[in-house]
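Enquirer: So that we are looking at the same thing, I have put the structure below in structure tokens.
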Amino acid sequence: MRAMRWMAVLLALQACGGGGGDGGATAAMPVAADIGCGLANFQVDALRIVNAKRAQGASCGMHGNFAPAAAVAWNTALANAAYGHSRDMADHNFFSHTGSNG
């Protein structure tokens with residue numbers, strides 16, 4: 001179940017655009033192996049899959065055809081923010097784009 005949550009986060013991040021810097025100097029987010037989902041290379045594997053799909057382009061029916069997109073890079077600051085928000089939602093039993101602190 002946790003692996004599916006991480007995949008949802010990564011797929012949401014996929015829509016955020018192209019690569020970027022090194023992700024800043026923030027503390028590293030716990031990788032999947034640290035949180036016990038049993039997928040030691042989850043971040044690497046998920047990013048590889050996302051970039052492979054982006055490289056193919058897509059036909060989205062009535063929404064049009066989309067050319068292949070540039071690869072994305074892992075952004076530690078963004079991943080930490082997403083992880084913190086997901087923990088907040090889990091800890092406070094809600095689901096929203098806005099955190100419990102507004």
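Coordinate-derived values only; no laboratory data. Note that the structure is predicted; figures quoted are calculated from it, not measured. Neighbour counts run over all protein chains shown; Cβ positions are idealised from the backbone, glycine included.
Enquirer: Spelling out what I want: for every residue of the stretch 58-64, take phi, set θ = phi - 60°, compute 6.51 cos²θ - 1.76 cosθ + 1.60 (Karplus), and round to whole Hz; glycine and proline get x.
Expert: My calculation for the stretch 58-64 gives 7, 10, 10, x, 5, 8, x Hz in order.
Enquirer: Convert each backbone phi in the stretch 66-77 into a coupling constant with the Karplus relation 6.51 cos²θ - 1.76 cosθ + 1.60 (shift: θ = phi - 60°), then list the ³J(HN,Hα) values in order as whole Hz, x for Gly and Pro.
Expert: Values, residue by residue: 10, 5, x, 10, 5, 5, 9, 10, 5, 10, 4, 4 Hz.
Enquirer: Pop a pseudo-label 7 angstrom from the Cα along the beta-carbon direction at both residue 98 and residue 60 and give the gap in nm to one decimal.
Expert: According to this spin-label approximation, the distance is 2.6 nm.
Enquirer: Beta carbons within 10 angstrom, averaged per residue: use that to sort the peptides 42-53, 83-94, highest first. Write out the running numbers ahead of the final one.
Expert: Details: 42-53: 15.4, 83-94: 12.1.
Answer by packing, highest mean first, reads 42-53, 83-94.
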